[in-house]
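Participant: Dumping the structure here so I can ask a few things about it.
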Amino acid sequence: MEPEKAREGYQRVFKEGSVRDYPLTIRHISGRAIVVVYNTTICRNEAGEIQGVFAAARDVTEHNILERALGGICRWRCG
């Protein structure tokens, strides 16, 4: 869903060596949009050559829903 943003994250990991908590919206096989944050790091051998990339994405859809709900409660009580 965000191919340009995904490309930016990919380029960033090769420039910086790792990416942490990079937000991205992806499309599930069912067609549903999923908000994720992903962490990526480059794996190197002893000579410093790139051997691969490890990436893990975490679905934060429910977290974001709860955060918005709690923020609304706080604004209601504190505002």
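Any read-out appearing in this document is the output of simple, stated calculations on the displayed coordinates, not a laboratory observation. Just so we're clear, the structure is a prediction, and the values are computed from it rather than from any experiment. Reconstructed Cβ throughout: ideal geometry from the backbone, glycine too, with neighbour counts over all protein chains shown.
Participant: When you scan the stretch 17-43, how many residues do you find that are surrounded by 10 or more Cβ atoms within 10 Å (Cβ to Cβ) and within 24 Å of residue 67 (Cβ to Cβ)?
Facilitator: Looking only at that region, the number is 16.
Participant: Give the residues of the stretch 42-69 that are within 13 Å of the chain's Cα centre (by Cα) and aliphatic (A, V, I, L, M), sorted by residue number.
Facilitator: Correct list: 55, 56, 57, 60.
Participant: Which pairs have Cβ atoms under 6 Å, sit 6 or more apart or on different chains, and link a residue in the stretch 29-50 that is aromatic (Phe, Trp, Tyr) to one that is in a strand (DSSP E or B)?
Facilitator: 38/22; 38/55; 38/57
Participant: Further, regarding this structure: So which residues in the stretch 15-42 are farther than 13 Å from residue 53 by Cβ, of a type outside the set (Ser, Thr, Tyr) and in contact with a strand residue (DSSP E or B) (Cβ under 9 Å, 6 or more places away or on another chain)?
Facilitator: Matches in the stretch 15-42: 20, 21, 23, 24, 26, 27, 28, 33, 34, 35, 36, 37.
Participant: Of all residues in the stretch 10-44, which are farther than 16 Å from residue 58 by Cβ and in contact with a helix residue (DSSP H, G or I) (Cβ under 8 Å, 6 or more places away or on another chain)?
Facilitator: Within the stretch 10-44, just 42 meets the criteria.
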